[in-house]
Amino acid sequence: MHATATSATRRRLTLVGLAVTLVAVVIAGIAFGAVPVSVADILGAIQRALGGAERSAADALIVDLRLPRVLLAGLVGASLALAGVLYQALFKNPLADPYILGVSSGAGLGATLALVAVGTAYAGRAFGVPAGAFTGALLTIALVVRLASRGGRVEPTSLLLAGVAISYTLAAVTSFIMVVFRSSMASVVFWMMGGLTSASWEYVGVVGGMLALGALVPLLYARELDIMLLGDERAGQLGVNVERFKLVVLASASLVVAGAVSVSGLIGFVGLMTPHMTRLVLGPDHRLLVPASALAGAIVMVAADLVARIVLAPVEIPVGIVTAVLGGPFFVWLLVRGERR
Amino acid sequence: MSATLSFSAARVGYSGRAVLSDVTFDVRPGEFVGLVGPNGAGKSTLLRSVTGAAEKLGGSISVLGADVERMAPRQRARLVAVVPQNPPIAFAFSARAFVEMGRHPWLGRFQDLGPDDDAVVSDVMELTDTARLAAERVDTLSGGDLQRLTVAQALAQQPRLLLLDEPISHLDLNHRLQVLDLVRSRAEEGIAVLAVFHDLDLAARYADRVAVVADARASEPLPPPQALDAGVLDRVFGVRAVVRTDPVTGAVAITPVARRADIDIPRRGRIGMVCGSGAGAGLMRRLALAGVGLHVGALNRGDVDRAVAEALGVDHLDLPPFGEVDEAAERAVRAAYSSADACVVCATPFGRANLGNLRAATEAGRPLVLIGDMGPERDYAGGEATRLWERATDAGALRVHSDDDAFEALRSLLDDEGTPGD
C-alpha cells in the first residue's frame, strides 16, 4: 500500500466500484415504483427520447418522471455528502454536517423567503429559490462560526451547539412564515420535510450546475483539505493560505447545500453518514475521499428515495424521514464512540 | 553576507499585548542560533512571529530581505520551515503521505508530486531514520516517530530558514543527537537555523550562538561560553550552576547544582577550610553554592578536593603532585585564613606534607570548627596533628561530628560575625 502506484490503482478501483454501484441503484430506482418497468423498457425509452421521438405514456413515466427524480436524488445526495466532507475537514469535527450546523435550515429559510418574494412563477422557482437558499446558507454558517469562535479558535462543542440552536430558531421562523402565507405554502410544507416529489429536468439542471461548481473547489483543493487536518497553524506553516481556503471552502459547501435544499428541503444525516463511512473505509486522503463521498452520497440518497416511494406504496413518505431513521442512530453511535476514546 | 532572518526592534505578542520587545538580531546563512530561557519567557512566541502565528506589533521581521508580513503563505513556506513543539494531531495518513505534505508549497494547483518531489521525500525520510515507517499510519506511531516525521516534513520544504521549537522533546537520547546532527549538517550546507532549546548543554553544543530570552527581551546572540556563564544562569534561571568545558565534547557543559531559592543563607561571609583527599568536597560544595567565600588552603594537583575547588571556582593554593606545604605556602594560607570569618577543619588525614594547612588554621586566630576525632588513624605526622588538635580544642574550638553539624555551626558563626556591634 505504500507505493504511489498501488494507491493510485486502489483509488481508481474504488471509484469505478462506486460508480458501477450507483448505476445499478439508479436503474433500480427507475424500475421499481407503483408501476414496475423493466430494464429493457428503461433503455428503450431513453433511446427513443434521445432520438427526439414523440413520447408514449409509458415512456413519459420513465423519461419525465422517474429518471429526473432518480437523478435529482443522486445529485442531492452527492451535494449533501460533499458539503459534509468539506465541513468535517474544515472544522476537524467528525460530527459536522450541513443539517447539524444549521446550514440546511438557513438555506431553507432563504428559499422560503425567496418563494414568498417571487411567488411560484417558473423563473423564480428555478433560480430565485436557489439564490435565496445560497444567501441563507452563507449567512447562517457565518453566524454559527462566529458564535462558536473563542479568540480565533472554533470550539468543536460550541460549533455543534450553536449549529443546533440556530437550526431550530431558523426552522421556527420558516414555520412561522409558512403559517402566515399558508395559502401559497401548501406545497412548501411537504418540501421542507425533505422530499423529491417536485422533481423535474429543470431542477436536475439547477442542482447539477450548482454541484458541478461547488465540486470544483474540493477537487482543486484536495491537498489543502488534507493538510488542514494538521491544524490551522501547521497548515499555514506548510504554505496554505488558511483564511482564503476557509472562505472558498465555506462558500462552495454553502453552494452545494443551497442547491440540495432548494429542491428537496431539509434532508438530514446524509452529509454526516456518508463521508464518515467513506473515511472509515478509505482513509483521510481527500483526492479519494471527495469523489468517493459524493458517489456514496448519491447511492445512499437514490436508495433512500426508493425506499420512501415503495414502503407505503402507493403513498409516498418524505425521503427525509428515511434518512433520519437511518442517521439518528448513526449519530448516537458516533457520539458514544467518541466518548469512549 | 546578508542575513537570512533579521529581527529589527521587533515587538511581538498576542492580541495586541507584547510578550517580547526590542528584539534585534540576525541569523546568517549557515548559522545555527539557539534560543534559551525560562518557561513562558517568549521563545516560542518569537519563533511563531516569523510565520505570522504570533503578532508583530512593531519593528520589522524579514527573511532574505523581504518583510515576512507581506509574504504569501506559499512563498513563505518555500523559504521558512517550522518544526513545532508538539507534533500535530495526526490523522490516518501514511507516514509518507504526511512527509509529502512538506512539498505543498512547491506544487501547483493542478500538479501532483513528480519524480523530483518523490526523491526529496525519500531523501529526508532516509535522513531522519523514518524511511522504514513509510507505510505506517501516523496515528499509530509514537510521539518520537511523529516528531522525526515532522522534522522530515519540514526538511521536505527545502527551506532556507529552519525554525525549531524544542524539536527533540519526545526523542530518545540517540535520536536527539541524530536530529540535531542532521540540523547541524543542514546548517553547514547554508540553511539558517533558529532553535529553541530547553537543554542548555545541547544548546551550547550545537548552536554557534545562543540568545537568552528573559524579562520580555531577547539578548544579542553570543557564543555559548559567553551566553551561558554562571552569572546568566543565576540571573535568568535562578539556578546556581557550574559551567565548565566538557572534556569529551569540548563544548560548554552546565551542571545545575541547586536552586537559588533553596540555598540562600542570611549573610555571605568568608570561611577558611582545611581539607584534602575528598574529605572537604561535600561541605565545600554546600558553602560555595550558598554564596560563601572560601579559601581551602594549599592542595596538591590530582587531589579530589582540589578538582572540586577548581570546578566551583573556589580559592586555593596550588601545590605540585606530592608537594609539601612549605613555609612560604603556609604563610600564604595563614594569611588567607586570618581574613576569614571562621575556619573549619574537615575530616582529612594529616601527614608531613599537609600539616601546614592545619597549623595555619589553628594559628589564624579565627573561630574554629573541627570535624571528627583526631587519632592514629588520621595522624600520619608522628603525633604533631594530634598535638595541634588538642591545643585548638583547649583554645575553645568547636567539635562537631558531621558535615551537617559543621554547616550549621559555620552558619551561626557567620550570623554572629554579621551582627553589628559584635
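The values are calculated or read from the model by the stated rules, or taken from the named source; none is laboratory data. Keep in mind the model is a prediction, meaning the values are calculated, not measured. Virtual Cβ from ideal backbone geometry, glycine too; neighbours counted across all protein chains shown. The area values use the complete protein model at the heavy-atom level, side chains included, leaving out ligands, DNA and RNA. Shrake-Rupley method; radii C 1.70, N 1.55, O 1.52, S 1.80 Å.
Descriptive notes on the structure:
- Answer from B:Val179, B:Val236, B:Val242 - the residue that is more than 26 Å from B:Ala10 (Cβ to Cβ) and outside the structural domain of B:Ser122 (by TED's automatic domain parsing): B:Val242
- Test: residue in the range B:369-376 that is open to solvent by 80 Å² or more (accessible area, probe 1.4 Å), over 41 Å from the mean Cα position of the chain (by Cα) and charged (D, E, K, R): no
- The condition of being in contact with a Phe, Trp or Tyr (Cβ under 9 Å, 6 or more places away or on another chain) and closer than 16 Å to B:Ala381 by Cβ holds for only one of B:Ala298, B:Ala360, B:Ala347, that being B:Ala360.
- Flag set for B:Gly114, criterion: open to solvent by less than 30 Å² (accessible area, probe 1.4 Å), over 21 Å from A:Met228 (Cα atoms) and over 36 Å from the mean Cα position of the chain (by Cα).
- Exactly one residue out of B:Gly282, B:Gly231, B:Gly278, B:Gly269 is modelled with pLDDT under 90 and open to solvent by less than 20 Å² (accessible area, probe 1.4 Å), and it is B:Gly269.
- Residue list for the range B:82-111, restricted to those being at the interface with chain A (Cβ under 8 Å from one of its Cβ atoms), open to solvent by 30 Å² or more (accessible area, probe 1.4 Å) and over 14 Å from B:Ala134 (Cα atoms): B:Ile89, B:Phe91, B:Arg109, B:Phe110
- Counting only helices (runs of 4 or more DSSP H) wholly contained in the range A:1-96, the ones carrying 1 or more residues that are more than 28 Å from the chain's Cα centre (by Cα) occupy A:4-31, A:39-50, A:57-60.
- Residue check for A:Leu95: modelled with pLDDT under 90 and either under 25 Å from A:Arg287 (Cα atoms) or among the hydrophobic types (A, V, I, L, M, F, W, C) (or both): yes
Each row is one residue, and each column tells you yes or no for (1) among the charged types (D, E, K, R); (2) outside any strand (DSSP E or B); (3) within 20 Å of B:Val151 (Cβ to Cβ).
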{"position": "B:Ala3", "(1), (2), (3)": "no, yes, no"}
{"position": "B:Val12", "(1), (2), (3)": "no, no, no"}
{"position": "B:Ala18", "(1), (2), (3)": "no, no, no"}
{"position": "B:Thr24", "(1), (2), (3)": "no, no, no"}
{"position": "B:Leu35", "(1), (2), (3)": "no, no, yes"}
{"position": "B:Leu57", "(1), (2), (3)": "no, no, no"}
{"position": "B:Ala77", "(1), (2), (3)": "no, yes, yes"}
{"position": "B:Gln85", "(1), (2), (3)": "no, yes, yes"}
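- Where helices (runs of 4 or more DSSP H) sit wholly within the range B:187-302, those with at least 2 residues that are more than 30 Å from B:Val27 (Cα to Cα), over 11 Å from the mean Cα position of the chain (by Cα) and touching a residue at least 40 places away in the same chain (Cβ under 8 Å) occupy B:281-289.
- Residue match in the range A:236-247 (condition: within 14 Å of chain B (Cβ to nearest Cβ), in contact (Cβ under 8 Å) with a residue 40 or more places away in the chain, within 25 Å of A:Leu143 (Cα to Cα) and outside any loop (DSSP other than H, G, I, E, B)): yes
- Checking each residue in the range B:180-220 for being in contact with a helix residue (DSSP H, G or I) (Cβ under 6 Å, 6 or more places away or on another chain) and β-branched (Val, Ile, Thr) picks out B:Val193, B:Val196, B:Val210, B:Val212, B:Val213.
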